[in-house]
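Below: one structure, written as structure tokens.
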Amino acid sequence: QVQLVESGGGLVQTGDSLRVSCAASGRTISRCAVGWFRQAPGKEREFVAAMSRGGTSTYYADSVKGRFTISRDNTKNTMYLQMNSLKPEDTAVYFCAVRDGVVTREIAAYNYWGQGTQVTVSS
């Protein structure tokens, strides 16, 4: 079992930057693919970014490409999402997730999820 806890969300203004973190416990996630997803009010959860087990491959939603960066620190068993040039449409609850398999954008493929952290971008 893996427990995931997000942190770092908050209220920022348009154009600001924010980094959210996801600390894992229970076992190492170094051999897991990791991903970030988000859910805005009244909308379905959507893919944001993902990283392969070895960290050599990353994938981003078109809406965040060039602005967001996913990373991981296996020594801390933690993953991150650096968000720059934030826009009001980035407002959502952000979730981290891991899976014991190859990296994918598919939400249903992820085995373990955090509880989410709210990111609000004011205009």
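The values are calculated or read from the model by the stated rules, or taken from the named source; none is laboratory data. Remember, it's a predicted structure, so these values are computed and weren't measured experimentally. Counting neighbours? That spans all protein chains shown, and the Cβs are built from the backbone with ideal geometry, glycine included. For the accessible areas, the whole protein counts, side chains as well, though only heavy atoms, and no ligand, DNA or RNA atoms are used. Shrake-Rupley method; radii C 1.70, N 1.55, O 1.52, S 1.80 Å.
If I filter the stretch 12-22 for residues that are of a type in the set (Lys, Arg), modelled with pLDDT of 95 or more and more than 30 Å from Ser123 (Cβ to Cβ), do I get at least one hit? Scanning the stretch 12-22, I find no residue that is of a type in the set (Lys, Arg), modelled with pLDDT of 95 or more and more than 30 Å from Ser123 (Cβ to Cβ), so the answer is no.
Results for (1) open to solvent by less than 20 Å² (accessible area, probe 1.4 Å); (2) assigned to a strand (DSSP E or B); (3) aromatic (Phe, Trp, Tyr); (4) farther than 17 Å from Lys65 by Cβ, shown as yes or no for each residue.
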| residue | (1), (2), (3), (4) |
| --- | --- |
| Gln82 | no, yes, no, no |
| Leu86 | yes, no, no, no |
| Glu89 | no, no, no, no |
| Tyr94 | yes, yes, yes, no |
| Val98 | yes, yes, no, yes |
| Val103 | no, no, no, no |
| Ala108 | no, no, no, yes |
| Gln118 | no, yes, no, yes |
| Val121 | yes, yes, no, yes |
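Is one or more of the residues making up the stretch 69-87 small (Gly, Ala, Ser), more than 11 Å from the chain's Cα centre (by Cα) and closer than 19 Å to Glu6 by Cα? No. Among the residues that make up the stretch 30-38, is at least one of them over 16 Å from Val2 (Cα atoms), in contact with a strand residue (DSSP E or B) (Cβ under 8 Å, 6 or more places away or on another chain), surrounded by fewer than 21 Cβ atoms within 10 Å (Cβ to Cβ) and in contact (Cβ under 8 Å) with a residue 24 or more places away in the chain? No: the stretch 30-38 contains no residue that is over 16 Å from Val2 (Cα atoms), in contact with a strand residue (DSSP E or B) (Cβ under 8 Å, 6 or more places away or on another chain), surrounded by fewer than 21 Cβ atoms within 10 Å (Cβ to Cβ) and in contact (Cβ under 8 Å) with a residue 24 or more places away in the chain.
Could you run through the stretch 91-118 and say how many residues are in contact with a Lys or Arg (Cβ under 8 Å, 6 or more places away or on another chain) and either touching a residue at least 60 places away in the same chain (Cβ under 8 Å) or closer than 15 Å to Gln39 by Cα (or both)? First the steps, then the outcome.
So the first thing to find is which residues in the stretch 91-118 are in contact with a Lys or Arg (Cβ under 8 Å, 6 or more places away or on another chain), and the list is 92-95, 100, 102-103, 107, 109-112.
This time we only want the ones that are either touching a residue at least 60 places away in the same chain (Cβ under 8 Å) or closer than 15 Å to Gln39 by Cα (or both), so: 92-95, 100, 102-103, 107, 110-112.
Going through the stretch 91-118 one residue at a time, the tally reaches 11.
When Thr56 is tested against (1) open to solvent by 30 Å² or more (accessible area, probe 1.4 Å); (2) modelled with pLDDT of 95 or more; (3) outside any strand (DSSP E or B), just one condition goes unmet, and that condition is (2).
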